[in-house]
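> Structure below; questions to follow.
The values are calculated or read from the model by the stated rules, or taken from the named source; none is laboratory data. Computed from a predicted structure; not experimentally measured. Cβ: placed from backbone, ideal geometry, glycine included. Neighbour counts: every protein chain shown.
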Amino acid sequence: MPDVHAGSYKEAILFLVTAGVVVPLFHRLRISPVLGFIGAGALLGPFGLGRLADEFRWLSLFTIGNRTEIAHLAEFGVIFLMFMIGVELSWERLRTLRRLVFGLGSIQVICSALVIGAILFGLKVPLAGAVIVGIALALSSTAVVLPVLAEQKRLNTPAGRASFAVLLFQDLAVAPVLFAIAVAGRSDGADMGLALALALGQAAVALVLIVVAGRLALRPLFHLVARTKSTELFMAACLLVIVATALTAAASGLSMTLGAFVAGLLLAETEYRRAIEATIDPFKGLLLGVFFVSVGMSLDPAQLWAAPGAILGLSLGLLLIKGVIVLMAAPALRISRPVALETAMLLGPGGEFAFVLIGGAMATGLVPEAVGGAALIVTTVTMIAIPGLAALGRRIGRRAAGAQSGRARAEPPPDKLQNRVIIAGYGRVGRQVGEMLARHKIPYIALDMDAARVAEQRRLGNPVYFGDSSNTELLRRCDIATARALVVTLDNPRGVEAVVEAARAERPDLTIVARARDARHASALYELGVDDAVPETIEASLQLSEAVLVDVGVPMGLVIASIHERRDEYRAMLKRKETDTRPVFRARRTVGKQVEAAARDGAAKDETAPFGRRA
């Protein structure tokens, strides 16, 4: 009995081992881990070591033979991806990039699908199969292109924004295409109009139920869970929403991915959006790894070796068709030629949704097995080439850096998150900081762990989101890479230090201003790398000194000057230990005692000394 149980977990154990080896190795080599998962699937699958398992029995321990079990997990990888696409989607993002999303995106997808479909139809492929394969091959790889651009820090370049916009349109187009395939697969040659009408009616009812239930229940659910401040419960709520909406959609005849996408849209405008992204992203990455392993398992190297010229020729043809269409559409949208060339190389390869669309169509008999298999091999080969094509595109972009112009340059990055100030904690102090930033028309985004406070501020129209500010992934979702500054206003000293450490590790050059409990805490924060630490005790004594000096008749200008001078003295004293050769713990204790003693000495006496010198 134990042997049976051990064998039943073999696939999961092999995948975890693969993930543990592939991800660190490929990150070190600066190659997308997606390619590693595909390669691992090809090696461990039935067309790799599985071919030799019958002859060498011990190899069966290192092969993934249960493709059905892997397929279920792989489906959840795509479900989580579609959910994250829905969460990341917003009307603001669509409005900002509308010219590229609905202009370049629609032209690229529609024209590519028409050209590829026409070629397949001319080669005697049935019309339905030609259309589906044409649409599937017109799509590009969001899961590979965006991480590659992020690795190269080129998401905010003109080519990066154009690629992102087209990928966004492609992601939006997947849901209706999946629905159409499901309807066509169920019609079985009967009256297509009647089948479509019944399916549309059933789908409409299901979507209305999902949307209404989501509007009524999702925000209260997450508000209730967030008030517990339990990370485990919040994670469980996220997983429950994804699985429940996916299963509801599947029960009504829709695809599970469409249900997850709708759930993501419903949560996109809530204050929990950022925390949900940070919570779900690791699950999405791991399950997408399973999906790409399953993709590699379906890759038969024997087919590639049997006709390498034909496969490579078809792959090159796909790159040329999609690339030429992007180049032809660029002038109409005022995109410069170098930017269009780089975008064309990024979008030319196939994408992960081709496996979903073609696989579903092959299962329903809409696409012949031979045509679908060849299309999937071409998709895999071109996806493997994405990092190399991106590197070539980067060189072209560098060459054209001095001549970047046109509409693509004028398009701002998604969501306008660049140059915002991030406020960690939106209590009494954080609100004051936010109000002052708003008064000076400086954009900001705030994070807080108090669900009730976040809900109240959202009702007032303030950009406050629920989440833990020390979560590195959450800081990335708030676009810390382009933030102007970080203000930490938490009242928990350890919490402040955790946020500062996470932010400084992610962005060494970021301006960080932090609230400190006292002088000793301020010294510790300076050691962690903050630009300014504001101790509450010292600041209170300075404000008291300012009030009493003004009340006893000292001119306001002199008071303000002396307060600033005294504040600079405190700051220099707190930073002095950074160049001290004594042990850190002794320096911290000594500086803390010096500052606290100075704060206790009579504020009036301390503040009038500079006046005497000035007079």
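> Hey, Ala173 hits all of (1) surrounded by 13 or more Cβ atoms within 10 Å (Cβ to Cβ); (2) modelled with pLDDT under 70 but one; which does it fall short on?
(2)
> Please list, ordered by first then second residue, the pairs with beta carbon atoms under 7 Å, 6 or more apart or interchain, first in the range 555-566 and more than 12 Å from Ser545 (Cα to Cα), second modelled with pLDDT under 75.
Leu558/Phe611; Leu558/Arg614; Glu565/Pro610
> Among (1) crowded, with 17+ Cβ neighbours inside 10 Å; (2) out of contact with any Asp or Glu (no Cβ under 7 Å at 6 or more places or on another chain); (3) assigned to a helix (DSSP H, G or I), there is one condition Ala278 misses while meeting the rest; what is its number?
The one condition Ala278 does not meet is (2).
> Continuing with the same structure: Can you name every residue in the range 533-553 that is of a type outside the set (S, T, N, Q) and surrounded by fewer than 17 Cβ atoms within 10 Å (Cβ to Cβ)? Write out each step before concluding.
First, the residues of the range 533-553 that are of a type outside the set (S, T, N, Q): 533-536, 538-540, 542, 544, 546-553.
Scanning the range 533-553 gives Glu536, Glu539, Ala540, Leu544, Ala547, Val548, Val550, Asp551, Val552, Gly553.
> If you take the residues of the range 507-520 that are in contact with a Lys or Arg (Cβ under 9 Å, 6 or more places away or on another chain), of a type outside the set (Lys, Arg) and crowded, with 16+ Cβ neighbours inside 10 Å, which of them is nearest to Ala481 (Cα to Cα)?
Residues of the range 507-520 that are in contact with a Lys or Arg (Cβ under 9 Å, 6 or more places away or on another chain), as a first pass: 510-512, 519-520.
From what's left, of a type outside the set (Lys, Arg): 510-512, 519.
Now drop any that are not crowded, with 16+ Cβ neighbours inside 10 Å, which leaves 510, 512, 519.
Values: Leu510: 9, Ile512: 13, Ala519: 30 Å.
Only one residue tops the list, namely Leu510.
> Continuing with the same structure: Assigned to a helix (DSSP H, G or I), crowded, with 23+ Cβ neighbours inside 10 Å and either of a type outside the set (Gly, Ala, Ser) or at pLDDT below 75 (or both): does that describe Leu73?
On the way: assigned to a helix (DSSP H, G or I): yes; crowded, with 23+ Cβ neighbours inside 10 Å: no; either of a type outside the set (Gly, Ala, Ser) or at pLDDT below 75 (or both): yes.
Considered against the rule, which asks whether it is assigned to a helix (DSSP H, G or I), crowded, with 23+ Cβ neighbours inside 10 Å and either of a type outside the set (Gly, Ala, Ser) or at pLDDT below 75 (or both), Leu73 comes out as no.
> For the range 257-275, which residues satisfy the criterion of being in contact with a strand residue (DSSP E or B) (Cβ under 9 Å, 6 or more places away or on another chain) and polar (S, T, N, Q)?
The first filter runs over the range 257-275 and keeps only residues in contact with a strand residue (DSSP E or B) (Cβ under 9 Å, 6 or more places away or on another chain), leaving 270-275.
Answer for the range 257-275, where residues must be in contact with a strand residue (DSSP E or B) (Cβ under 9 Å, 6 or more places away or on another chain) and polar (S, T, N, Q): just Thr270.
> Among the residues of the range 432-451, is there at least one that is polar (S, T, N, Q), in contact with a helix residue (DSSP H, G or I) (Cβ under 9 Å, 6 or more places away or on another chain) and outside any loop (DSSP other than H, G, I, E, B)? Talk me through it step by step, then tell me what you get.
So the first thing to find is which residues in the range 432-451 are polar (S, T, N, Q), and the list is 432.
Now narrow it down to the ones that are in contact with a helix residue (DSSP H, G or I) (Cβ under 9 Å, 6 or more places away or on another chain): none.
Checked against the condition, which is being polar (S, T, N, Q), in contact with a helix residue (DSSP H, G or I) (Cβ under 9 Å, 6 or more places away or on another chain) and outside any loop (DSSP other than H, G, I, E, B), the range 432-451 yields no hits at all.
> Which of the residues that make up the range 451-472 are aliphatic (A, V, I, L, M) and touching a Lys or Arg at 6+ places or on another chain (Cβ under 9 Å)? First the steps, then the outcome.
Looking only at the range 451-472, we keep the residues that are aliphatic (A, V, I, L, M), and these are 451-452, 454-455, 460, 464.
Of everything in the range 451-472, those that are aliphatic (A, V, I, L, M) and touching a Lys or Arg at 6+ places or on another chain (Cβ under 9 Å) turn out to be Ala451, Ala452, Ala455, Val464.
> Right, something else. Go through the range 465-506 and count every residue that is surrounded by fewer than 16 Cβ atoms within 10 Å (Cβ to Cβ), basic (Lys, Arg) and modelled with pLDDT of 90 or more.
1
> Taking only pairs six or more apart or across chains, which ones have beta-carbon atoms under 8 Å, a first residue in the range 502-513 that is on the phi < 0 side of the Ramachandran plot, and a second residue that is of a type outside the set (A, V, I, L, M, F, W, C) and assigned to a helix (DSSP H, G or I)?
Ala502/Thr472; Ala505/Thr472; Glu506/Thr472; Glu506/Arg476; Leu510/Arg504; Ile512/Arg504
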